[in-house]
Amino acid sequence: MSGWLLKIVDPDNQTKIRLFAAAENDPRAALIAVHRFANTAANQPIDAVGPISEEIITKLGIRCGSPLDLTS
């Protein structure tokens, strides 16, 4: 399974960015998973930065429905 790299920008502080990796083939499913995981407001924008390979997903140990916060 491949995945997606996603970005959340804080609307009050544009320099505060959170990055997530999600093990979802579909970018919409990845967006939903990150919204749930990060407990963001429904109107909080999340950008799909781009796809990530199955190899990266495996190395990071990410499972479907459980995104990984890469920010720290």
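Would you calculate, for the chain, the mean residue ellipticity at 222 nm contributed by helices, counting each DSSP H stretch of 4 or more residues as -39,500 (n - 2.57) and dividing by all residues, to the nearest 500? Could the numbers behind the result be given before it?
Details: 2 runs with 19 residues, N = 72.
After summing the helix terms and dividing by the residues of the chain, the value is -7500 deg cm²/dmol.
What's the extension gain from Ile32 to Asp12 if we count 0.36 nm per residue and subtract their Cα-Cα distance?
Values: separation 20, 0.36 × 20 = 7.20 nm, distance 2.19 nm.
Contour length minus Cα-Cα distance gives 5.0 nm.
Set Lys and Arg Cβ to +1 and Asp and Glu Cβ to -1, take the dipole of region 3-69 about its Cα centre, and tell me which of Pro51, Pro27, Ala41 lies farthest positive.
Selected residue: Ala41.
Around Phe37, with a cut-off of 12 angstrom between Cβ atoms, what is the net charge of the other residues, counting Lys and Arg +1 and Asp and Glu -1? Each step should come with its number before you reach the end.
Working: positive: Arg18, Arg36, Arg63; negative: Glu24, Asp69.
Taking every other residue near Phe37 into account, the sum is +1.
Could you tell me the center-to-center distance, by alpha carbons, between region 42-72 and region 1-28 in angstrom?
Computed from Cα coordinates, the inter-centre distance equals 7 Å.
Can you give me the relative contact order of the chain as a percent, contacts being Cα pairs under 8 Å and 6 or more apart?
Details: 141 pairs, mean separation 32.0, N = 72.
That works out to 44 percent.
Please work out the Kirkwood hydrodynamic radius for the chain, using every pair of different C-alpha atoms, and report it in angstroms with one decimal place.
Kirkwood radius, the chain: 12.0 Å.
What's the local net charge at Asp10, with K and R +1, D and E -1, over the other residues with C-beta under 12 Å away?
Details: positive: Lys7, Lys16, Arg18; negative: Asp12.
Spelling it out: positives minus negatives among the neighbours equals +2.
If you plug each phi of region 48-54 into the Karplus form 6.51 cos²θ - 1.76 cosθ + 1.60 with θ = phi - 60°, what whole-Hz ³J(HN,Hα) values come out, in order, with x for Gly and Pro?
7, 6, x, x, 10, 6, 4
Readers should treat all values here as calculations from the given coordinates under stated rules, not as data from a laboratory. Quick caveat, the model's predicted, so the values are computed rather than measured. Every residue, glycine among them, receives a Cβ derived from its backbone with ideal geometry; neighbour counts consider all protein chains shown.
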